[in-house]
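Each reported figure results from applying straightforward, stated rules to the coordinates on display, with no laboratory input. All figures in this text were calculated on a predicted structure; none of them were measured in a lab. Glycine gets a Cβ as well: all are built from the backbone with ideal geometry, and neighbour counts include every protein chain shown.
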Amino acid sequence: MLRSRPRIVVSRHLPDDVEARALRLFDSHLNTGDQRLDSATLHQLAGTADGLLVCLTDRLDAEAIKALPPGVRIVATFSVGYDHIDLGAARARGLVVTNTPDVLTEATADIALLLMLGAARRATEAQTMLREGRWGAWTPTGLLGTHLGGKRLGLVGLGRIGRAFAHRARACGMEIHYHGPRRQPATLEEGAVFHPSLESLLGISDVLSLHAPSTPETRNLIDAAALAALPAGAILVNTARGDLVDDEAVIAALTSGRLRAAGLDVFRGEPQLHPAYVSLPNAFLLPHMGSATEETRAAMGHRCLDNLEAFFAGREPADRIA
Ligand code: GLV
């Protein structure tokens, strides 16, 4: 049967204008009810599809990729991170994979700033006190946080989001340091101090912020030993992926006060999170909303469609990662 338009399955509800464009461009199966699709349902829907538009809630491991119907030739993920997709298995099967870099950089850096400020200025305790009607009176010594100006921000990773967060932190008067797989050119460093080892970065980081992908090498990167290497009373910020930190170690450090506070937007096993986090007054927590602005989510959707459109027109998608 000759098909006039490629058929795609969109795994989650997307902003209205993105869905409208998906319907114009392709024979699109939308998920307007936004039910999370289990892998059996996704595979069933993929049966006659040429491409999938998935999110980080859809796990495409080696087995799932092998089981994809043969007609599926491209997967566009509505995320910059791609740890939910086995790229090796995708390449082995000749499956093209694309992501959404650039468009979520600024929104995610804003959330990193919010987490750093929320942790430094005791936002969880303040919000709880206010909402529970326990605000007795203003006092000169109540809810004192710590000043960020003059402190050192250690970035694990000076990629797009790390750099955008550094711009914001400089405006707070912070000194920027980083560690990554390689030293960046001076134009990207913008004065940030490179540390050739993570240990060296940890030793000086008053605030440590994670901007590295989730890989077997970065899993549990921030464990008990790493936390012990931070200055006493440091702050941890994570907008990257939850499995970069050892939750038990972070919770122990927050409980003992070794870590003054943490600002966390991502969690191992999310939407479940280690239950101890929610009872810690010095943990400022958000439910993975780094890119959650109307503008950014629309831009991410259009970026997926741009990649799909290029692929089906026989061009190289701009954001091809496999
Ligand atoms: C969000 O976490 C993303 O990877 O886009």
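Once the Cβ-Cβ distance of Ala186 and Thr146 is raised to the sixth power relative to R0 = 35 Å, the FRET efficiency obtained is 0.70. Taking chymotrypsin sites (Phe, Trp or Tyr not before Pro) in DSSP loop states with no more than 13 other Cβ atoms inside 10 Å as exposed sites, the chain has its longest site-free stretch at 139-322. The C-alpha atoms of the chain define a longest principal axis, and helix 294-312 lies at about 30 degrees to it. Backbone N atoms of the stretch 128-166 closer than 19 Å to the 7 Å Cα→Cβ label point of Ser200 belong to residues 152-159. Annotation: extensible slack from Ala292 through Arg36 equals 90.4 nm (criterion: 0.36 nm per residue apart, minus Cα-Cα distance). Summary value for the chain: 18 percent relative contact order, contacts being C-alpha pairs under 8 angstrom separated by 6+ residues. Taking all Cα-Cα distances within the stretch 171-322, those exceeding 23 Å account for 48%. Over the stretch 82-181, the fraction of Cα-Cα pairs per 10 Å bin, rounded to whole percents and listed from the shortest bin up, is 13, 30, 25, 19, 10, 3, 1.
Seen from Cys304, the other residues with C-beta closer than 12 Å to its C-beta sum to a net charge of 0, counting Lys and Arg as +1 and Asp and Glu as -1.
The angle between the Cα long axis of helix 16-25 and the longest principal axis of the Cα atoms of the chain comes to about 30 degrees, rounded to the nearest 10. Considering all different alpha carbon pairs of the chain, the Kirkwood hydrodynamic radius works out to 21.1 Å. With the charge dipole of the chain set up from +1 on Lys and Arg Cβ and -1 on Asp and Glu Cβ about the Cα centre, the Cα lying farthest toward the positive end among the listed residues Ala186, Ile65, Ile161 is that of Ala186. Any idea what angle helix 160-171 forms with the longest principal axis of the chain, computed on alpha-carbon atoms, 0 to 90 degrees, nearest 10? The answer is roughly 30 degrees. Fully extending the segment from Arg131 to Arg219, taken as 0.36 nm per residue of separation minus the present Cα-Cα distance, adds 28.0 nm.
Sparse packing (at most 13 other Cβ atoms within 10 Å of the Cβ) combined with a DSSP loop state is found for the following trypsin sites (Lys or Arg not before Pro) in the stretch 106-193: Arg134, Arg182.
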